[in-house]
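Chemist: Pasting in a structure now, in structure tokens, and then I'll have a few things to ask.
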Amino acid sequence: MLSCMNTAEYGPCDVAYHIARLRAEGELLASAAERAGLDAPVPACPGWRVRDLLKHLGYVHRWAAGYVREQHARWVDRASEAVILSGGPSDDELPAWFREGHATLVRVLEAADPDLTCWTFLEAPSPVAFWTRRQAHETAIHRVDAEQAAASVGNAGAVARDGAPFAPAFAADGIDELIMGFLGRDADRGSWDGPPGTLAFHADDGAAGSAHWRVVSEPGRFAVAREAGPAGCDVTGPAADLYLLLWNRRDTGGLDVRGDAELLARFREHSRVTWR
């Protein structure tokens, strides 16, 4: 199986690796959600409580498993976010419902034929590679949400106890998915309407690896690349910190930001991920 991120020094993240991360991240998320309680606010998702987080991700896990299990060749319309959050199981049943959906997704992906075909929405070596990678990172970022929710209600040790920092290879893979996958899709579609300027992101984890990405937005052109080069703003730091920064789960504290910091701020405000 080809690596999803094939130009960095961090090493490959293949299907088996992403399934292992999906399993572990879901279990960490469920544990953090239980510590936080269903009424705890989710800092990165204004208006959400932990119950909303579990409903959203529990639905997403079932939605993703359906594409792989049923091998749907086309987009299957899904419920709106409002419907997802207003419905679902009762509070008493919600934690177990989430765990069940997560475990089912893991089983479906583990049993999937590597050669199966089904609908996807980002380029990948195969549909199975796409779904394992996408769900691993979807779950990982929301695991951070659950831990931040636990910390927000007074469990100050939540992140330190369960939320071990992301492995550099996994974090670099997540940056790559966001920039080369989601933003690359915007470049292909010509749909980016964000702030003009050039941003460069430099992941540096010493002996563990390093990687570079560049985002160029100028009149009539939007492009992304795995490269270093001239930029209006350069952001350097460990891959795990850049990963959370780009997903708007942390600020720039401790990162080396050089050049136009306002360009980075505008980029982060504008960048949004969609399911298709």
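Chemist: Over the chain, what relative contact order in percent results from Cα pairs under 8 Å that are six or more residues apart?
Modeler: Working: 446 pairs, mean separation 57.8, N = 276.
Relative contact order of the chain: 21 percent.
Chemist: Any idea what Rg and Dmax come out to for segment 182-274 if you just take the C-alpha atoms, in Å?
Modeler: Answer for segment 182-274, Rg first and Dmax second: 12.7, 39 Å.
Chemist: To check my understanding: the extent here is largest minus smallest coordinate of the Cα atoms along each principal axis. What are those three numbers for segment 9-152, in Å, largest first?
Modeler: 42, 37, 24
Chemist: Do the sum for the chain: with -39,500 (n - 2.57) for every DSSP H run of n ≥ 4, divided by all residues, what is the mean residue ellipticity at 222 nm, to the nearest 500 deg cm²/dmol? Please report the intermediate quantities before stating the final value.
Modeler: Values: 10 runs with 131 residues, N = 276.
Rounded to the nearest 500, it is -15000 deg cm²/dmol.
Chemist: Okay, next question. Run through all the Cα pairs of segment 166-211 and give the fraction in each 5 Å bin from 0, expressed as whole percent.
Modeler: 5, 18, 24, 21, 14, 11, 6, 1
Chemist: Here's something else I'd like to know. Using all C-alpha to C-alpha distances in segment 62-135, build P(r) with 10 Å bins and read off the rounded percent in each one.
Modeler: Histogramming segment 62-135 at 10 Å steps yields 17, 45, 29, 8, 0 percent.
Chemist: How big is the chain by Rg and Dmax over its Cα atoms, in Å?
Modeler: So, for the chain, Rg and Dmax equal 18.4, 54 Å respectively.
Chemist: In whole Å, what are the extents of segment 226-276 along the principal axes defined by its C-alpha atoms, from largest to smallest?
Modeler: 31, 23, 20 Å, listed from the longest principal axis down.
Chemist: Stokes-Einstein at 37 °C, 0.692 mPa s, Kirkwood radius from Cα pairs: D for segment 84-201 in µm² s⁻¹?
Modeler: On the way: Rh = 17.3 Å.
Taking Rh from Cα pairs, D becomes 190 µm²/s.
Chemist: Angle check, please: helix 94-111 long axis (alpha carbons) against the longest principal axis of the chain (alpha carbons), in degrees 0 to 90, nearest 10.
Modeler: Roughly 70 degrees between the two axes.
Where a number appears in this text, it was derived from the coordinates with a stated rule and is not lab data. Quick caveat: nothing in here was measured; it's all calculated off a predicted structure.
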